[in-house]
Amino acid sequence: MFSTADDNQTPVTIHVLQCERELSSDCRSLARFELRGIPPMVAGAARIRVTFQVDADGLLSVSAHEQTSGVQATIEVKPPYGLGDEENARMLQDSFSNAQNDMAARNLREQRVDGLRLLEAAQAALDLDGRQLLSEVERIAIDRAMETLRVLLNGLDHTAIKRAADSLNRATAQFAARRMDASIQRALTGRRLDAIEV
């Protein structure tokens, strides 16, 4: 299962790779195709199922299906001739030799992506409701947590990035609760209790 990375993203590029490594840059590219027509929604809301099937002739079929809208795309990948037993063995050995470094690199990239998303969401919330719902002291604490995360995103320590993201989440928890309360209050304003469906 995959999702979108940006708000209102309607196409997604699927990159099919061959390898046992964690990073795409260390793998062999087999094919690329696009899934188009995904309905605009917030980043991460789309649910895209990617499936792989290999037939008896070694033909690989890759399909992508967005679950809410039903849009789908498929590509067939011809057998990758030219890879002998030695090449396959070398690729497998590389994956074992580099497993620890590959996992650290993957963790770093994942934490950076998560950290950037968190910063974007926090900044958007501050821009909309920061003045109304935060005291100056609370705003300074959130700004400091955001700056710490921004600085650490440029480093190589994925655990430090994770700790900074967790710290920002804690710093914004009360703000998020106030935003939710304000949103509910706006939705209920002017409505009769017996007109609200539960």
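The coefficient of translational diffusion for the chain, derived via Stokes-Einstein from the alpha carbon Kirkwood radius under 20 °C and 1.002 mPa s, stands at 104 µm²/s. Extent along the principal axes, Cα only, for region 12-97: 46, 30, 15 Å, with the longest axis given first. Net charge in the neighbourhood of residue 182 (other residues with Cβ under 13 Å of its Cβ; Lys, Arg +1, Asp, Glu -1) is +2. For the residues 48, 140, 184, a GNM of the chain with alpha-carbon springs under 10 Å puts the largest fluctuation on 184. Among 122-130, 162-170, the peptide with the highest mean count of other Cβ atoms within 10 Å heads the list, and the full ranking is 162-170, 122-130.
Which of the three applies to region 86-198, rounded, prolate or oblate, going by the alpha-carbon gyration tensor with a ≥ b ≥ c and a/c under 1.5 meaning rounded? Intermediate values should be presented prior to the final figure.
Values: a/c = 4.78, a/b = 2.10, b/c = 2.28.
It is oblate, given that a/c is not under 1.5 and a/b is not larger than b/c.
Over the chain, DSSP H runs of length four or greater, each weighted -39,500 (n - 2.57), average out per residue to a 222 nm ellipticity of -17500 deg cm²/dmol.
Rule-based calculations on the coordinates, nothing more; no lab input. Predicted model only: the values in this text are computed from it and were never measured. Here Cβ is always computed from backbone atoms with ideal geometry, including for glycine, and neighbour counts include all displayed protein chains.
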